[in-house]
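The structure appears below as structure tokens.
Read-outs: derived from the displayed coordinates by stated rules, not from any lab. Remember, predicted model here, so these are calculated numbers, not experimental data. Cβ placement follows ideal geometry from the backbone for every residue including glycine, while neighbour counts extend to all protein chains displayed.
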Amino acid sequence: MALGIPRLSEIVIKTAQFAVMREWYERMLQAKPFFLNTDAKGPSWTGAWSIAFYRLHVDYPYTQVLGLFEVPQVQGKADGKLVNQIVREKLGG
């Protein structure tokens, strides 16, 4: 029995560069977030200061959502060279 293509319902990216990432995703997706909170007085229970959710796909009853969480503590924790290389290759930049 063959399995269907797996679906991810939610992807969350933690970033210390929330404004830059938000602008990039809005340009790439050509969409504004359906939920946006940028005026937090402190971190939420998730540790995020700002949060944006983008609906990528709706195929009732399934949806795909991308979440951006501003978490300053992740600054310098990951090397973005591979991601930047992939983006340049895909976008021709």
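What to note about this one:
- Simple label model, 7 Å out from Cα along Cβ direction - SER9 to GLU23, nm: 3.4
- Virtual spin-label span in nm between ARG55 and PHE35, 7 Å along Cα→Cβ: 1.2
- For ILE13, the residues whose amide H sits under 5 Å from its own are GLY67, LEU68, PHE69, ignoring neighbours fewer than 5 places away on the same chain, with H placed 1.01 Å from N.
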